Amino acid sequence: MTGYGSIIGGDDTVVALSTARGVGAVAVVRLSGPDSWAIARKMVAERNNFGTMSPRNMALFDLIDKDGERIDRALAVKFEGPASYTGEDIVEFHCHGGLAVSSAVIDSSRTHGAQLATAGEFTRRAFLNGRLDLAQAEAVDNLIHARTDEGLRAAMAGLDGSLGKQVEAMRNSLLEIRTELEYRIDFPEEAGQDLSPAKIQSLLDDTLKKLDDLLQGAGRALLASRGAVAVIAGAPNVGKSSLFNSLLGSSRAIVTSSPGTTRDAVESELVLDGHLVRLVDTAGLRTSSEEAEKIGVEYSRHYIACSDVVLFVHEAGSDFRRAESEFLSAHGRDRLVRVLSKVDINPVPSGDAGDFIPVSSKTGEGIERLKSAIAAAVDSLAESSGGKASQVTSLRQKKLLEEARELIVALDQANPPEIIAADIGLICSRLGEITGLIATDDVLDSIFSRFCIGK
Ligand code: GDP
């Protein structure tokens, strides 16, 4: 990979626990940076052996604290930059699990100069050193957080770097055209005849087609990696929070009997038929003058707008309120799952429920059927998003692809070459942001802060 420069990770050597916190058989403490080998050497009793150990070999050492006191007997392995995860020299200690040992090992490394790593710092260094592009870094994060097989497969597809390669190829072709256009502007008399509007148009059409292909499979890829957002909507007190808890099998949301108490949105994940579903409980749809309730309603609208599936809840035996009817007519059937709640109080004779699924959060009646209906809705959503999943693994990537697409569609060849060159430059910027060739610290911060410490 080119374009990110050589080793630019940092002068610091950083340390973190790379395995999950808690009791386990093994805990991996990772050091990365220019002094990682030297620091690690001071942390072991057998310094000479550590010094002569070849990279990528493992050996057992007594780990010691700053006073020479033994704190663990652990395996150590060195990796030599730039052929390492971060592109820097790395040492990993595979210690005994549990917090006391790993904390003591980390403390020992700090007494010899290591700094605590921030969230995602190892992967950020890997990105800065050109070991992976930004789209791949996002796939790493998805892989770690994957909860389903399809999520794992989507993340692995993103990890191979093919999205970055496709985007870079498009960007390079566009940059060539832009350079040619600029040359013509500067030296009109020297310009050849080979840059016709038809040639530019053909490249733009070709790029548009490639973007469309990536975007077509993006919906499916994102459903797999991010999960489908299913929002529970309905009037206050119809039993939304109770349903949320029943579906999750726990008491995540607070349930009370006064209308409008769920003032914020709560979200929890569940896996249905192999699909990751992010279930969101929102406030009622009713418009109210009460400020807090209003905020809840805004949240509700916001979540519904961003949702993949809406579970619309209506209380069995009650009349449809105006807001409910309006909601139903405003939302197409395709992503709506209709639920009739509290059927233990008002039983609905079979056949009378129409396309509503009768449920009771009290008795559990209908909950399994509802789960299957949600899974089916996600299935049909994946089907309708067409094609096979592309390598897009984040909303950020999808948004940039869409912006690049819009810029191409809006590009007017009747404009003077200066404007066309500038427009092509904008398209290239969007594409460059996908791989991180163009990335501000803010963008990097927002991506890597989502990572765990130690990754
Ligand atoms: P929300 O405002 O729509 O979130 O409604 P809640 O889930 O807070 O429920 C409102 C009231 O209805 C509470 O008193 C619940 O105990 C009650 N409730 C919810 N679901 C059921 C149900 O399936 N059966 C019965 N009998 N009561 C329910």
Out of the residues in the stretch 241-253 that are aliphatic (A, V, I, L, M) and in contact with a helix residue (DSSP H, G or I) (Cβ under 7 Å, 6 or more places away or on another chain), state the one that is modelled with the highest pLDDT.
Leu247
Tally of residues being modelled with pLDDT of 90 or more and open to solvent by 70 Å² or more (accessible area, probe 1.4 Å) across the stretch 419-455
2
Any idea how many residues of the stretch 40-92 are outside any strand (DSSP E or B) and either polar (S, T, N, Q) or within 34 Å of the chain's Cα centre (by Cα) (or both)?
18
Is it fair to say Ala146 is closer than 24 Å to Gly274 by Cβ, at pLDDT below 95 and either in the same structural domain as His275 (by TED's automatic domain parsing) or crowded, with 23+ Cβ neighbours inside 10 Å (or both)?
no
Exactly one of (1) touching an Asp or Glu at 6+ places or on another chain (Cβ under 7 Å); (2) over 13 Å from Thr13 (Cα atoms) is unmet by Asp89. Its number?
(2)
Considering every residue within the stretch 93-112, establish whether at least one is touching a Gly at 6+ places or on another chain (Cβ under 6 Å), outside any helix (DSSP H, G or I) and farther than 30 Å from Ile434 by Cβ.
yes
Give just the number: which of (1) loosely packed, with under 15 Cβ neighbours inside 10 Å; (2) of a type in the set (D, E, K, R); (3) in contact with a Phe, Trp or Tyr (Cβ under 7 Å, 6 or more places away or on another chain) does Lys78 not satisfy?
(1)
Could you identify the single residue in Val229, Val238 that is modelled with pLDDT of 90 or more and away from the ligand (no atom under 16 Å from the Cβ)?
Val229
Looking at the stretch 106-113, can you tell me whether even one residue there is of a type in the set (Asp, Glu) and open to solvent by 20 Å² or more (accessible area, probe 1.4 Å)?
yes
I'm trying to understand the selection: among the residues of the stretch 318-360, which are part of a strand (DSSP E or B) and either more than 13 Å from the ligand (Cβ to nearest atom) or not assigned by TED's automatic domain parsing to the domain that holds Pro236 (or both)?
Leu336, Val337, Arg338, Phe356
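The values are calculated or read from the model by the stated rules, or taken from the named source; none is laboratory data. It should be emphasised that the depicted structure is a prediction, and the values quoted were computed from it without experimental measurement. For neighbour counting, all protein chains shown are included, and Cβ atoms are generated from backbone atoms with ideal geometry for every residue, glycine included. For accessibility, only protein heavy atoms count, side chains too; no ligands or nucleic acids. Shrake-Rupley method; radii C 1.70, N 1.55, O 1.52, S 1.80 Å.
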